[in-house]
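Remarks on the structure that follows.
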Amino acid sequence: MRLTVHRFAPLVLSALLATPPLHAQQRPANSVSLEAYLDWEDVSGPRLSPDGQQVLFSRRWVDKMNDKWESSVWIMNADGSRSRSLMSGSDAQWSPDGKRIAYIAKGEPSGSQIFVKWMDGDAAPTQISRLTETPSSLQWSPDGKTIAFNMNVPVADNWRIAMPQPPKGAKWTEAPKVVTKLNYRSDRIGFTDDGIRQIFVITADGGTARQITTGDNGASAPAFSPDGKWIAFSGLREANAENMFRKSHIYAASTETAEIKQITHRWGTSGSPSYSPNGKMIAFMAADSVNHSASAEDKLWIMNADGSGAHLISGTLDRPISGANWAPDGSGVYFNVESEGSKNFYFATTTGQYRPVSSGKQMLTVAGAVGKLGLAVGVRSTSTKPNDIVTFTIPATGTASAFNQITNVNDDVLAGKELATTEEIWYKSKDGMKIQGWIMKPYGFDPAKKYPLMLEIHGGPQAMYNVGFDYARQDHAAAGYVILFTNPRGSTGYGMKFTNEIMNAYPDKDFDDLMAGVDTVVGRGYIDQKNMFVFGCSGGGVLTSWTVGHTDRFAAAAALCPVIDWMSFVGQTDGASWYQNFDKPFWEDPSEYLKRSPIMYVGHVKTPTLLMTGILDLRTPMPQTEEYYRALKMHGTPTAMIRMNNEYHGTSSTPSNFLRTQLYLRSWFDKYGTKPMSATSTGNPE
């Protein structure tokens, strides 16, 4: 049930915060508090103006009364001065001449619409669209006359039946939704349950949006050619069950005739095209494989605008890359690289020499183009510094020596607060594989004392825990826990061989990697082995449920949004090609599906295991959680199932649900640790 405006702040929040930690030390008064999360803000999408003098960005904040995140468009000088809010909205983009901005905000008659604002005065923004679906990925044409964008096109129901007309005034049940295609994952090229994402254009002065792309291939974000005559994009090669969102090509659509021509003809996936400043070349991302680790395998390529002369420019760099943008002079391409828990900025010449532009233990993301004088703007975070916008000048050689932080959006929340510290560790797994991880220790940590341990497992599984600031961990550490988070094999950021170690073998040795990490921390002498806990969401939920079926060393566990039955999951998820994780479809050979399903080991589970999933989850659907809950109950294992309202994949996108997730986790762990429940605790998890 949605929280009402009047009940949220005074009643629900106070109840959520009433239960203190039971095993952990007393929370220091100067530590980060959970309720302060409702004052937390975030920044994203900084864009440098064409003249290099100003920065547009989005600033996100919590609407406490309506229990949701809101976003505003802000602007400031490039040195950080005169920071001010322009209007509600997001995805702001400068026009080529810097005189206008386009952005997305709530409009009329309803939903998200496209707005344009002139920047030479105080004139109000103009809503230029009247769309029935949500636009995204705004892109100005080079002459500033039109704006291209993505929008979902609903799939028409072509199945006609001869239904009689209802009697006048009758209230018949709404017609059913007819589904004739597999449900495509919405985080891929352009498919959802309800339609196909296509490219549209609209005049910057307003009018009717015109559809540029059609058909079943879908379309990624648009990229104009410098003469404005073509829009490059990526789309599926074959829209069918076995190849959906895996084999993709680069296409170009004529802005005048909507003619579409295929540019790439290579095996695997090709995406994220962008034209060089002179329009003669296109940079793009490509991977040779079509499996679920393809995005981790992407490398940076360039080719002539007609598709000829394609060649690799990221060389032997075997790390996930993203955010490619051409240098203003066309000499090469800038891009982001994730490696060993950090993200930094790189540059590759058109002939294939690449180098880091930044370095360090940080998460630095540069999404927009670099200025003509070498000024770059991005979002930077470290373990003790949350996301803020920074600028830096790119040197001709070597790496940037300094960052100029030009926002401080959470200084008020963190003022006077002592943060937990993070220690990087490397250790060997059971078979000798080197694994990276981090130990977060509470403020005032004393190695002579014993602390409860939380093992946190990431999802994906092709993902990477990193050194960026994490409010949830800071809150757990403030409650007195030591947190261990690692990147077991299958994670990205360590090369494709490491990522593919779990291909057709998940879960397996990644479990050994996690347990070796626990052994490493326990070996340091400050962990209370009777109070060790494990949790994770999505892929982390998979490994949590796998863990409790293979060891009893944890006092309690929490499997959030888990997959526990690979056979039923194939038919339930919004990623209907997940059977590609195995050598064969389950109807040909179910043995591996059964062997890798945590539910097959439920008879071994003695660990009290909490289950928590969003009721709207399509990625790891609720039936997976229900199936495991029933099995645990039948086996007699202590368990509870929490069905999180207003959540899709995950449990904490809604602000109040973030609070709930934190508190339910600790309440469950407190209940099943070795110390008795506090007299001030309320409720019984069972």
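Laboratory data are not the source of any read-out in this text; all were calculated from the coordinates shown. Predicted model only: the values in this text are computed from it and were never measured. Methodologically, a virtual Cβ is constructed for each residue, glycine included, from the backbone with ideal geometry; neighbour enumeration extends over all protein chains shown.
Distance between the modelled labels on Glu70 and Val179, one decimal in nanometres: 3.6 nm (7 Å Cα→Cβ projection).
Computed over neighbours whose Cβ is under 14 Å from that of Tyr37, the net charge equals -3, Lys and Arg +1, Asp and Glu -1. Derived scalar couplings between HN and Hα for segment 390-395 equal 10, 10, 7, 9, 7, x Hz in order, rounded to whole Hz, by the Karplus curve 6.51 cos²θ - 1.76 cosθ + 1.60 (θ = phi - 60°), x for Gly and Pro. The gain in end-to-end length when the Val522 to Ala415 segment is fully stretched comes to 35.2 nm, 0.36 nm per residue minus the alpha carbon separation. Available extension along the chain between Lys434 and His311 is 41.0 nm, counting 0.36 nm per residue and deducting the alpha carbon span. Normalised by 2.2 N^0.38 Å, where N is the number of residues, the C-alpha radius of gyration of segment 297-426 stands at 1.18.
Model label points for Arg355 and His550, set 7 angstrom from Cα along the Cα-to-Cβ axis, are 4.4 nm apart. Entry note, the chain: the mean residue ellipticity at 222 nm calculated from DSSP H runs of n ≥ 4, each adding -39500 (n - 2.57), is -3500 deg cm²/dmol after division by the residues and rounding to the nearest 500.
Once you divide the Cα radius of gyration of segment 403-442 by 2.2 N^0.38 Å, the number left is 1.87.
Taking other residues whose beta carbon is less than 12 angstrom from the beta carbon of Ala310, and scoring Lys, Arg as +1 and Asp, Glu as -1, yields +1. Packing around the peptides 540-550, 328-338, taken as the average count of other Cβ atoms within 10 Å per residue, puts them in this order, highest first: 540-550, 328-338.
Along segment 30-44 the Karplus relation, 6.51 cos²θ - 1.76 cosθ + 1.60 evaluated at θ = phi - 60°, assigns HN-Hα couplings of 9, 8, 5, 9, 5, 5, 5, 4, 6, 9, 6, 10, 9, 10, 7 Hz to successive residues, with x for each Gly and Pro. Close amide H partners of Ala327, meaning residues 5 or more places away or on another chain with modelled amide H under 5 Å apart, are Gly332, Val333, Tyr334. Listed by chain and number, the aspartates and glutamates whose C-alpha is less than 15 Å from the C-alpha of Lys430, apart from same-chain residues fewer than 8 away, are Glu501, Asp508, Asp510, Asp512, Asp513, Asp519. For Ser31, the residues 5 or more places off, or on other chains, whose built amide H falls under 5 Å of its own are Glu418.
Which residues does the label zone of Ser401 cover in segment 370-394, counting backbone N under 18 Å from a point 7 Å along Cα→Cβ? Correct set: 374-376, 391-394.
Distances between placed amide hydrogens fall under 5 Å for Ser339 paired with Asn344, all partners being 5 or more residues away or on another chain.
Protection proxy ranking for 515-528, 649-662, 254-267, 553-566, using the average of other Cβ atoms within 10 Å per residue and placing the highest first: 553-566, 649-662, 515-528, 254-267. Here Lys497 is the anchor, and the aspartates and glutamates within straight C-alpha reach of less than 13 Å, apart from those fewer than 8 places off in the same chain, are Glu297, Asp318. In this label model, Met600 and Gln53 are separated by 6.6 nm, measuring between points 7 Å along each Cα→Cβ vector. Take the Cβ-Cβ distance between Lys449 and Ala162 as r, set R0 to 60 Å, and report the resulting FRET efficiency rounded to the nearest 0.05. Once the sixth-power term is evaluated, E becomes 0.20. Calculated from the alpha-carbon coordinates, segment 415-529 shows an Rg and a Dmax of 14.6, 49 Å respectively. As a rough footprinting exposure proxy, the listed residues Met76, Met532 were ranked by other beta carbons within 10 Å of their own, and the order from fewest upward is Met76, Met532. For the pair Ser653 and Ser254, a Förster radius of 45 Å applied to the C-beta separation gives a FRET efficiency near 0.70, rounded to the nearest 0.05. Placing a label point 7 Å from the Cα of Met567 along the Cα-to-Cβ direction, the residues of segment 602-627 with a backbone N closer than 17 Å are 602-603, 624-625, 627. Listed cross-link partners Lys99/Lys343; Lys449/Lys530; Lys633/Lys671; Lys343/Lys428 are compared with a 22 Å cut-off, the Cα-Cα value being larger for Lys99/Lys343; Lys343/Lys428.
Across segment 333-340, computed HN-Hα scalar couplings (Karplus, 6.51 cos²θ - 1.76 cosθ + 1.60, θ = phi - 60°) run 10, 8, 7, 9, 10, 9, 8, 6 Hz from first to last residue, x flagging Gly and Pro. Full extension of the chain segment joining Thr132 with Arg643 gains 180.8 nm, where the gain is 0.36 nm per residue of separation less the Cα-Cα distance.
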